[in-house]
Amino acid sequence: MPFFNIHTNILLEDTHKERFLEEALEFVSNELGKPKTRIVINYIYNQDILFGVKRSDLGALIELKAIGFPSDMKSLAKNLTSFIYEKLEADMDHIEIEFIDMPGSHLSISGNLKG
């Protein structure tokens, strides 16, 4: 935990994908103060996602789930948006983030609830 899911219409070649996953892992760990060993990064490419009115509009729909977030959510949102803009070259207007603060009682790892 946390879970970082990114749904995007931006195709990354294998070498770029590997680097993006590593950088995303580092980013989430630093921003949330969570150990890398407990973070799940999921890059999901889908050419059929439409951001805006044209297929050529490049974007990302992000779900970031965690047990607790930093008190400064504005900075987290800004930093995550900048990260996606820089790493994927998504259109700034088409980077959308859903933050989900999960109670520990709703998460099981190895069959054990965390709350």
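Normalising the average separation of contacting C-alpha pairs (under 8 angstrom, six or more residues apart) by the number of residues puts the relative contact order of the chain at 30 percent. One quarter of the surface of the convex hull around the alpha-carbon atoms of the chain equals 7.6 nm², the direction-averaged projected area.
Beyond a 24 Å Cα-Cα separation, which of these cross-linked pairs lie in this structure: Lys17/Lys114; Lys17/Lys65; Lys34/Lys87; Lys36/Lys114; Lys74/Lys114; Lys78/Lys114? Where the Cα-Cα span goes over 24 Å, the pairs concerned are Lys17/Lys114; Lys74/Lys114; Lys78/Lys114. Annotation: amide H of Ile67 within the under-5 Å range of Met102, sequence separation 5 or more or interchain, hydrogens built in the peptide plane. Taking the number of Cβ atoms within 10 Å of each Cβ as an exposure proxy, the fewest-first ranking of Ile67, Ile95, Ile109 is Ile109, Ile67, Ile95.
Extension gain for Asp72-Thr37 works out to 10.2 nm (0.36 nm per residue, less the C-alpha to C-alpha distance).
Looking at the chain as a GNM with Cα springs under 10 Å, which of Val53, Val40, Val28 has the largest mean-square fluctuation? Comparing Val53, Val40, Val28 in a Gaussian network model of the chain, the most mobile one is Val53. Restricting the stretch 25-92 to GluC sites (Glu not before Pro) that sit in a DSSP loop and have at most 10 other Cβ atoms within 10 Å of their own Cβ leaves Glu89.
Computed from label points 7 Å out along Cα-Cβ, the spacing between Glu89 and Glu26 is 2.0 nm.
Just so you know, all these numbers are worked out from the coordinates, no wet-lab data involved. Keep in mind it's a predicted model, so treat the numbers as computed, not measured. In this analysis, Cβ positions are derived from the backbone assuming ideal geometry, glycine residues included, and neighbour counts consider all displayed protein chains.
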